[in-house]
Amino acid sequence: MLRSILKKLKSALKVCGILISNFPRLIRLAPKILTSGGHLSINVTYVKYEALLNDKRIIVTGGGSGIGLAIAQKALDLGAVVLITGRNFHKLEKVANTISNPNLRILAWDVSETEKLSSHLTEAKDILGGEVDILVNNAGVLSKGLFPNVKEEDWEQVYDINSKGLFFLTQEICRIWLKQNTSTSSVKKVINISSQGGYVGATYPYRMTKWDIAGLTQGLGISLAPKNIIVNGIAPGIISTEMQKKFLKQRDNSYCDLNPQNRIASPEEIAELAAFLLSDASNFIVGQTIICDGGFSLK
Ligand SMILES: NC(=O)c1ccc[n+]([C@@H]2O[C@H](COP(=O)([O-])OP(=O)(O)OC[C@H]3O[C@@H](n4cnc5c(N)ncnc54)[C@H](OP(=O)(O)O)[C@@H]3O)[C@@H](O)[C@H]2O)c1
């Protein structure tokens, strides 16, 4: 009995000792803790650019060509392990053989097939060697008809890929992250590829989906930031990719009279911006879609 009282007294004295020795520090910090809710430190102050994405596991949907492939290549250069997806496996295989980087992984995955989502995510985890840290929602297709001649099946196909596919994939991955109870040392990120078309009037499905994406980026940006999941987006202008090939009259130069710079851009220009958004250098940017369109949407 006496022994247990002495033991309790001893530990109480120890606690008092700790409090007394830290008293000046506690007094000094008290006003800050009371006024700032206890947030006294910032995670990122300095970023080493050559190792910007070291050990990050990234999924780039539609990463087998164009903008997605340029983002994947940039992320590989910066130290990430990258899984590129798309509907055409042979296209992905060809890219993997050409790039020949062991950190590049491939998976045939149609984002519109939401019923296969959880099995694809399990496969992705195995292929990446762990849970994904960053999702780049890049897969997208153009619509065929223009208003007033849009066909319902065209509307559905474009929405299934560009909007519904993106939404449910993002939701599923965020659900996993939310269960993991992410800490400040492991910020998770989503980058959504919208379009300059998401910032001007929309009368056909492609542009409408790109408005959807910009809105979702804002909404998720606000709601997920407190959980250390940072959602941002990019709205590219006209970029020299497969998607634009048939619209670009000139094959051999970059002239384009639709924006004040009078030119199209390369996928690599979007990848540079993406690298910044994927990295911790941009951790205070939340819910923004950065427009990279040579000034097109300013008119
Ligand atoms: N190029 C531009 O001027 C421009 C401008 C603004 C925004 N964007 C956007 O940038 C993104 C990339 O386009 P891009 O220009 O790089 O054209 P792209 O080379 O045609 O790339 C689109 C990629 O998406 C993949 N994809 C299409 N449907 C898919 C699906 N259901 N599931 C999975 N992957 C799918 C395609 O691969 P598979 O065919 O093998 O599936 C392809 O690799 C798109 O979201 C596009 O809307 C492009």
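I'd like to check something: does region 66-81 contain any residue that is open to solvent by 10 Å² or more (accessible area, probe 1.4 Å), over 16 Å from the mean Cα position of the chain (by Cα) and within 11 Å of the ligand (Cβ to nearest atom)? Scanning region 66-81, I find at least one residue that is open to solvent by 10 Å² or more (accessible area, probe 1.4 Å), over 16 Å from the mean Cα position of the chain (by Cα) and within 11 Å of the ligand (Cβ to nearest atom), so the answer is yes. The condition (being open to solvent by less than 30 Å² (accessible area, probe 1.4 Å), in the same structural domain as LEU277 (by TED's automatic domain parsing) and without any contact (Cβ under 8 Å) to a residue 40 or more places away in the chain) is satisfied by just one residue among ILE161, ILE84, ILE134: ILE84. Each residue in region 92-118 was checked for being part of a helix (DSSP H, G or I) and more than 15 Å from GLN171 (Cα to Cα), and 8 pass.
Taking SER118, is it among the polar types (S, T, N, Q) and farther than 22 Å from LYS189 by Cβ? Give the steps one after another, and end with the answer.
On the way: among the polar types (S, T, N, Q): yes; farther than 22 Å from LYS189 by Cβ: no.
It is false that SER118 is among the polar types (S, T, N, Q) and farther than 22 Å from LYS189 by Cβ.
The set of residues in region 48-65 that are open to solvent by less than 30 Å² (accessible area, probe 1.4 Å), in a loop (DSSP other than H, G, I, E, B) and farther than 10 Å from LEU104 by Cβ comprises LEU52, LEU53, THR61, GLY62, GLY64.
The values are calculated or read from the model by the stated rules, or taken from the named source; none is laboratory data. Just so it is clear, the model here is predicted, and its values are computed rather than measured. When we count neighbours, we look across all protein chains shown, and the Cβ atoms used for this are built from the backbone with ideal geometry, even at glycine. When the accessible area is computed, the model is the full protein with side chains, heavy atoms only, and any ligands, DNA or RNA have been set aside. Shrake-Rupley method; radii C 1.70, N 1.55, O 1.52, S 1.80 Å.
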